[in-house]
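Report on the structure given below.
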Amino acid sequence: MQETTTEAAPRTYWYPEREDITIYGILAALSDPTRLGIVRAIAAREECCPFDFLDVTSKQNLTHHFKVLRESGLVQARYEGRQKFVSLRRELIDDMFPGLLDGLLNAVAASEKR
């Protein structure tokens with residue numbers, strides 16, 4: 001008798017290709033203060049679990065915010081077991097729009113110091 005093992009396929013999401021990422025989509029995604037805060041936190045830590053942000057908003061709202069960030073091309077996710085980790089697609093964004101993320105994040109930080 002042959003044993004069968006059923007391993008779950010890793011979850012995959014659709015990510016926009018380079019030619020589908022626009023400055024307008026990125027700026028629209030970052031126009032929401034919650035999403036901007038999420039991006040700032042990920043940039044500071046390089047990688048975060050979405051549940052780290054449950055103190056910011058509900059799980060349903062987080063799902064929406066991460067979807068908008070993913071579809072704009074800003075973030076990507078990877079799974080390690082059942083744990084999900086989200087990181088910025090910094091190399092791609094910096095290559096396409098040099099200085100955008102650093103300039104925007106520095107401007108937000110400077111505005112908060114006032």
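The values are calculated or read from the model by the stated rules, or taken from the named source; none is laboratory data. Everything quoted here is computed from the prediction, not taken from an experiment. When we count neighbours, we look across all protein chains shown, and the Cβ atoms used for this are built from the backbone with ideal geometry, even at glycine.
Here A77 passes the criteria (1) small (G, A, S); (2) over 14 Å from the mean Cα position of the chain (by Cα); (3) at negative phi except the one numbered (2).
Quick grid of which residues meet (1) without any contact (Cβ under 8 Å) to a residue 40 or more places away in the chain; (2) surrounded by 16 or more Cβ atoms within 10 Å (Cβ to Cβ); (3) not in a helix (DSSP H, G or I):
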{"position": "E19", "(1), (2), (3)": "yes, no, no"}
{"position": "Y24", "(1), (2), (3)": "yes, no, no"}
{"position": "A28", "(1), (2), (3)": "no, no, no"}
{"position": "S31", "(1), (2), (3)": "yes, no, yes"}
{"position": "R35", "(1), (2), (3)": "yes, yes, no"}
{"position": "I38", "(1), (2), (3)": "yes, yes, no"}
{"position": "F51", "(1), (2), (3)": "yes, no, no"}
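Within segment 55-67, being outside any helix (DSSP H, G or I) and either surrounded by 15 or more Cβ atoms within 10 Å (Cβ to Cβ) or in contact with a helix residue (DSSP H, G or I) (Cβ under 7 Å, 6 or more places away or on another chain) (or both) holds for V56, T57. Right, Q76: polar (S, T, N, Q) and in contact (Cβ under 8 Å) with a residue 60 or more places away in the chain or not? Yes.
Within segment 78-93, count every residue that is part of a strand (DSSP E or B) and modelled with pLDDT under 90. Working first, answer last.
Step one: list which residues in segment 78-93 are part of a strand (DSSP E or B), which gives 78-80, 83-88.
Next, only the ones that are modelled with pLDDT under 90 stay: 78-80, 83-84.
Matching residues across segment 78-93 total 5.
Please determine, by comparing only the residues of segment 68-95 that are within 15 Å of I42 (Cα to Cα) and of a type in the set (K, R), which one is surrounded by the most Cβ atoms within 10 Å (Cβ to Cβ). By that ranking, first place goes to R89.
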